[in-house]
Amino acid sequence: MNIWTESLINGLGLYLKVLPFMGIVTAFIIFTKEVKIRPLHFIGIQTLVLYLICLVEVVLFPLPSAEKIASMNGYEGQFIPFNFILDIAKDKSIESVLQVLLNILMTIPFGFFFKFFLNMKRRNIIIITFLLSLFIELAQLTGLFFTYPGSYRLFDVDDIIMNTIGGFLGTVAANTFRTMGASLLHRSAKEPFQTLPGSI
């Protein structure tokens, strides 16, 4: 089992543990505040929570072992933008390409949620995605904000760029999904109602 699969399984397990608590909070809000929560929005919120938990598991865990902590000797990172192009040209491996694609795919759901469910402006979503990615990379660079005496994962400015592009593509996907849905509803409304022979 690779680290990605293990992190996603751990994230799903943690989500299932907090799911009953979120259900109690939702029920409390509905009955005390008389707030109507649409089923689609409820599903969207649950999906976002699951996504964020899995994201944290993937980018920050597992934490370094005692042996690795003992070998840490400073905070290091990759600060050259678009250095991934040189990496791909040098390695000539599918792993280098997949690394870039995964960093883009990682934040597409984030951008999709804020555009589709909250209809936030694209510019604001891009900024929020950038800040989310910056927070993650700084946590990796500073050893979880100086909890550890060195970087336990590689800070890479290209990850921030790719994550931000992913957030942007998420807004594009949300708009496309909305347009397709509206088109299907409009087409269904224009089609005449047909009855089966003998049904009247």
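The values are calculated or read from the model by the stated rules, or taken from the named source; none is laboratory data. On a predicted model such as this, the values are computed, not experimentally measured, just so you know. For neighbour counting, all protein chains shown are included, and Cβ atoms are generated from backbone atoms with ideal geometry for every residue, glycine included.
Summary of values
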| read-out | value |
| --- | --- |
| Condition met for residue 82 (outside the structural domain of residue 129 (by TED's automatic domain parsing) and aromatic (Phe, Trp, Tyr)) | no |
| Residue satisfying all of: in the stretch 163-183; over 13 Å from residue 110 (Cα atoms) and among the hydrophobic types (A, V, I, L, M, F, W, C); surrounded by the most Cβ atoms within 10 Å (Cβ to Cβ) among these | 177 |
| Test: residue in the stretch 27-42 that is under 28 Å from residue 133 (Cβ atoms) and either within 16 Å of the chain's Cα centre (by Cα) or modelled with pLDDT of 85 or more (or both) | no |
| Checklist (1) charged (D, E, K, R); (2) at pLDDT 90 or above; (3) surrounded by fewer than 18 Cβ atoms within 10 Å (Cβ to Cβ) applied to residue 115, failing item | (3) |
| Filter pass, residue 85 being in a helix (DSSP H, G or I), farther than 26 Å from residue 144 by Cα and free of Cβ contacts under 8 Å to residues at least 24 places away in the same chain | yes |
